[in-house]
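Engineer: Pasting in a structure now, in C-alpha cells, and then I'll have a few things to ask.
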Amino acid sequence: MNTPIRCVVADDHPAVLAAVSDHIGFADDLQLVGVAADGATALVLIGREGPDIAILDVQMPRLGGIEVTRQLVAEASATATILYTGFPERELLLDALDAGARGFVLKEAPINDLLRAIRTVAGGDSYIDPTLAPVLAGPAAAGRLPALTAREREVLELLAQGERNDDVARHLSLSPHTVQSHVRNAMTKLAADTRTQAVATAFRQSLID
C-alpha cells in the first residue's frame, strides 16, 4: 500500500478549515496530520510534523500564507505549499508564486480541484488554478526580456493552465524528459527557483499569455 500524502491545513475561517480537513480525511491516499488557524501556528506545526503538503490561506492572522511559504523556502523545508484563497488579484498571486508556492487554488473552485492540486504537487509537479491564467496576464515588465524559445513558452503556457508534465508531454507530443528539460531551461533563463516562479515571471514580462 502506498504511503498517504501527509497534509497540514491552515485557515482562519473555521468552516473552510473543517470542510478541507473533512475531505482530506475521507480520501484514502491523503492523511491530515494537523490544522492551524493562523500562520505562526502553522509554521510551528509544519516544523514539528514535516508534512508533504501544507494548504495555506493567503490572509491569516500573525503570518499569511505567502510569508509562511517564504520562510519554508528559506529553511529549505521539504514541505510544499499550496495557497488557497478567495482573492484572485494578480499581484497577490504573483507574489505567492514568487515566494515559492507550488500550487494556487481559488476557494470558489470545487473541492476536488484542491484535492487534485495536492496530488499533483505531491507528485512533483506544480498546480495553478486554470481560471487564474487570465488574471495573471498583464503588461510587460520594464527591462530586457529573457529569450525563451517558442517551445519553452508553450510548455510554460500549459503549466499555467494547470497541466502536469505528463499532460504537457502528451499535448505537445514530447517525452516527459524533454518537457522537464524545457522547464529547467526556462527556469534558468528567468532566474526562477520553481516552475511556478517561472510561470509568474513569464506572465509578468508578457512572455506568455
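The values are calculated or read from the model by the stated rules, or taken from the named source; none is laboratory data. For clarity, every value in this text was computed on a predicted model and none was experimentally measured. Here the Cβ positions follow ideal geometry from the backbone for every residue, glycine too, while neighbour counts run over all protein chains shown.
Engineer: Among VAL73, VAL68, VAL44, VAL105, which is outside any loop (DSSP other than H, G, I, E, B), among the aliphatic types (A, V, I, L, M) and free of Cβ contacts under 8 Å to residues at least 12 places away in the same chain?
Structural biologist: Numbers: VAL73 fails: free of Cβ contacts under 8 Å to residues at least 12 places away in the same chain; VAL68 fails: free of Cβ contacts under 8 Å to residues at least 12 places away in the same chain; VAL105 fails: free of Cβ contacts under 8 Å to residues at least 12 places away in the same chain.
VAL44 is the lone residue from the list that is outside any loop (DSSP other than H, G, I, E, B), among the aliphatic types (A, V, I, L, M) and free of Cβ contacts under 8 Å to residues at least 12 places away in the same chain.
Engineer: Next question. Could you figure out which of (1) under 18 Å from GLY100 (Cα atoms); (2) surrounded by fewer than 15 Cβ atoms within 10 Å (Cβ to Cβ) isn't true of PHE26?
Structural biologist: So PHE26 meets the others, but not (1).
Engineer: Also: State all residues of the stretch 108-121 that are free of Cβ contacts under 8 Å to residues at least 24 places away in the same chain and either in a helix (DSSP H, G or I) or not assigned by TED's automatic domain parsing to the domain that holds LEU56 (or both); if no residue qualifies, say none.
Structural biologist: ASN112, ASP113, ARG116
Engineer: Taking the criterion of being farther than 15 Å from VAL121 by Cα, part of a strand (DSSP E or B) and in the same structural domain as LEU114 (by TED's automatic domain parsing), would at least one residue in the stretch 50-63 satisfy it?
Structural biologist: Yes, there is a match, as at least one residue in the stretch 50-63 is farther than 15 Å from VAL121 by Cα, part of a strand (DSSP E or B) and in the same structural domain as LEU114 (by TED's automatic domain parsing).
Engineer: Determine, yes or no, whether ARG184 is in a helix (DSSP H, G or I) and closer than 19 Å to VAL121 by Cβ.
Structural biologist: In short, yes.
Engineer: Tell me, which residue of the stretch 169-184 that is farther than 10 Å from VAL155 by Cβ and polar (S, T, N, Q) is surrounded by the most Cβ atoms within 10 Å (Cβ to Cβ)?
Structural biologist: Among those that are farther than 10 Å from VAL155 by Cβ and polar (S, T, N, Q), it is SER175.
Engineer: Could you list, in sequence order, the residues of the stretch 84-106 that are over 22 Å from LEU190 (Cα atoms), crowded, with 21+ Cβ neighbours inside 10 Å and not β-branched (Val, Ile, Thr)?
Structural biologist: From the stretch 84-106, those over 22 Å from LEU190 (Cα atoms) are 84-89, 105-106; that's our starting set.
In the following step, the residues that additionally are crowded, with 21+ Cβ neighbours inside 10 Å were identified as 84-85, 105.
Residue satisfying the conditions is TYR84 alone.
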